[in-house]
Amino acid sequence: MALSSNSEPLTDAALARQVEQGDDAAFRTLMERHLQLLRSFLALRAPVADLIDEVAHDAFVFAYQHLGDFTTGSMQPWVRSIAHNLLRDRLKAHARESVKHERYSEQVRWEMALSAADKPVSDESDHLARCMEKLHHNQRLALNLRYEAQLSSEEIAQRTGRSTLAVRTLLMRVRQQLRGCIEAAKQQQQQTPA
């Protein structure tokens, strides 16, 4: 610890003047006095732990570079004020970045939707129509009751004389069959030269 000529600890202002004269050990003494208090101050305000050490470090760097601005009293309020401003600036920058990322994500979603809307629908609907023609009568009936008439599996079961489980199984298999048929048609179309 830095001591004055009468064996009392030097004030923060006296240590600051020594630092200005090139005594880096005096700045280490200032940091030892104030670092833990500053970290505690930041711990109550920083939303993530990583910011505590980061902002404390930057606050002491700023204080070192601007020691001429510190003249009297304890350095703690001055360093806290610096740290508070640095933390506020970091949080504002993070908020701005978050908004940018959110806007970018939204823009990407819109562009993807626009891209999907620009794709020709007729190919898929043509494939679906051809694949529907390949289904058996009871499969087409189940699909029509489910998707056109918007009946539940229970209602379809009552109308067709099947169990609810049988209707659900039938619908699942038909959807899989249609998906496979459409994918095969797409692959065949891609392989066929234009």
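The values are calculated or read from the model by the stated rules, or taken from the named source; none is laboratory data. Predicted model only: the values in this text are computed from it and were never measured. Note that each Cβ is placed from the backbone with ideal geometry, even for glycine, and that neighbours are counted across all protein chains shown.
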task = Would you mind stating whether ARG179 is within 25 Å of GLU124 (Cα to Cα) and either among the charged types (D, E, K, R) or not assigned by TED's automatic domain parsing to the domain that holds GLU124 (or both)?
result = yes
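What's the total number of residues in the range 54-76 that are of a type in the set (A, V, I, L, M, F, W, C), in contact with an Asp or Glu (Cβ under 8 Å, 6 or more places away or on another chain) and part of a helix (DSSP H, G or I)? Full working, then the answer.
Filtering the range 54-76 down to residues of a type in the set (A, V, I, L, M, F, W, C) leaves 55-56, 59-63, 67, 70, 75.
Now narrow it down to the ones that are in contact with an Asp or Glu (Cβ under 8 Å, 6 or more places away or on another chain): 67, 70, 75.
Restricting the remaining residues to those that are part of a helix (DSSP H, G or I) gives 67.
Qualifying residue count for the region: 1.
Return the residue satisfying two criteria in turn: it lies in the range 121-178 and is outside any helix (DSSP H, G or I) and among the hydrophobic types (A, V, I, L, M, F, W, C), and of such residues it is surrounded by the fewest Cβ atoms within 10 Å (Cβ to Cβ).
Narrowing the range 121-178 to residues outside any helix (DSSP H, G or I): 134-136, 149-152, 161-163.
Subset that is among the hydrophobic types (A, V, I, L, M, F, W, C): 135, 149, 151.
Details: LEU135: 16, ALA149: 10, LEU151: 17.
Checked the range 121-178; the qualifying residue surrounded by the fewest Cβ atoms within 10 Å (Cβ to Cβ) is ALA149.
Does the range 153-194 hold any residues that are of a type in the set (Gly, Ala, Ser) and under 39 Å from the mean Cα position of the chain (by Cα), and which are they? Outline the logic, then answer.
So the first thing to find is which residues in the range 153-194 are of a type in the set (Gly, Ala, Ser), and the list is 153, 157, 161, 163, 166, 180, 184-185, 194.
Those that are of a type in the set (Gly, Ala, Ser) and under 39 Å from the mean Cα position of the chain (by Cα): GLY180, ALA184, ALA185.
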query = So is VAL79 assigned to a helix (DSSP H, G or I), modelled with pLDDT under 90 and within 30 Å of PRO47 (Cβ to Cβ) or not?
reply = no
Test: residue in the range 113-128 that is touching a Lys or Arg at 6+ places or on another chain (Cβ under 7 Å) and either at pLDDT below 80 or in the same structural domain as GLY180 (by TED's automatic domain parsing) (or both) = yes
ask   = Within the range 33-49, which residues are loosely packed, with under 12 Cβ neighbours inside 10 Å and touching a residue at least 12 places away in the same chain (Cβ under 8 Å)?
value = PRO47
ask   = Does the range 86-109 contain any residue that is outside any helix (DSSP H, G or I), among the polar types (S, T, N, Q), in the same structural domain as MET31 (by TED's automatic domain parsing) and modelled with pLDDT under 90?
value = no
request  = List every residue pair whose Cβ atoms sit under 8 Å apart, with the two residues 6 or more apart in sequence or on different chains, where the first one lies in the range 162-173 and is free of Cβ contacts under 8 Å to residues at least 40 places away in the same chain and under 19 Å from GLU148 (Cβ atoms) and the second, anywhere, is of a type outside the set (D, E, K, R) and surrounded by fewer than 17 Cβ atoms within 10 Å (Cβ to Cβ).
outcome  = VAL167/THR160; LEU170/ASN138
task = Determine whether the range 73-91 contains at least one residue that is within 32 Å of the chain's Cα centre (by Cα), more than 25 Å from GLY22 (Cα to Cα) and surrounded by 20 or more Cβ atoms within 10 Å (Cβ to Cβ).
result = yes
